[in-house]
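Contents: one structure, followed by commentary.
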Amino acid sequence: MALVYIVEDDADIREMEAYALSSAGLSVAAFPEGKAFLAAVQTQLPDLVLLDIMLPGEDGMQILKRLRADASARAVQIIMVTAKTSEADKVRGLDSGADDYLVKPFGIMELVSRCKALLRRAHRQAAVLKYETIELDDDRHRVTVDGRETELTFKEYGLLKYLLENIGTSVTRDRLMEAVWGFAFTGESRTVDMHIKTLRKKLGDAGSLIETVRNVGYRLGR
């Protein structure tokens, strides 16, 4: 049975959420503030968290960032539940690592549906590509090197993913351009080379794993 933690300071809303999710067959624990919740996380990781933003003491955004900075908790699905309705607030929450954003007031059926959708996502097998110290989790669109998250642009991510999918293969620049940019590579453009250069830099020591194949292109692994 999936475990859901609710962090909500409004007792009526907290009880309503807990009742709805328990009735839907989920195991639920509810907390009025972040301190007790974070202590519970250290004891047992939940599958899903419903996290209010406006909380006494440490607010929901701070708690969200703490969870996403904890390697053991990064796979936990998180829905921000809040009265804040502006697009900027939603973007801030999603960019900080939330998986979904639910605005008060909301319907019980919508709450249960969103929770179940995220739990299905969490329990399906993630597409993870690895080589040496590099790991690319395509399900979460996340890259880590030696366990530390590395921020890549969309194109850098695409290049790394393609190289990881073709370990040991010398990949030409035109194949990379077609796979990542969506069109055939022509002329003397240095676009691929420039992106490989920045990708190597962001990967740190692991960047040397991407080899230049003279007169051909690039290769990751042998």
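Note on region 108-222: enclosed strands (runs of 3 or more DSSP E) holding 1 or more residues that are of a type in the set (G, A, S) and modelled with pLDDT of 90 or more are 217-220.
Restricting region 1-32 to residues that are surrounded by 17 or more Cβ atoms within 10 Å (Cβ to Cβ) and among the acidic types (D, E), the residue that is farthest from C115 (Cα to Cα) is E8. Screening the candidates G93, G25, G97, G57 for the property of being part of a loop (DSSP other than H, G, I, E, B) and under 30 Å from T153 (Cα atoms) yields one hit, G97.
Of everything listed in (1) in a helix (DSSP H, G or I); (2) out of contact with any helix residue (DSSP H, G or I) (no Cβ under 7 Å at 6 or more places or on another chain); (3) in contact (Cβ under 8 Å) with a residue 24 or more places away in the chain, the single unmet condition for A18 is (3). Within region 96-103, is there a residue that is among the aromatic types (F, W, Y), modelled with pLDDT under 90 and in contact with a Lys or Arg (Cβ under 8 Å, 6 or more places away or on another chain)? Taking every residue of region 96-103 in turn, at least one turns out to be among the aromatic types (F, W, Y), modelled with pLDDT under 90 and in contact with a Lys or Arg (Cβ under 8 Å, 6 or more places away or on another chain). Among the residues of region 31-49, those that are assigned to a helix (DSSP H, G or I) and not β-branched (V, I, T) comprise G34, K35, A36, F37, L38, A39, A40, Q42.
The values are calculated or read from the model by the stated rules, or taken from the named source; none is laboratory data. Only a predicted model underlies this, so the values are computations on that prediction, with no experimental measurement involved. Using ideal geometry, Cβ is built from the backbone for each residue, glycine included, and neighbour counts are taken over all protein chains shown.
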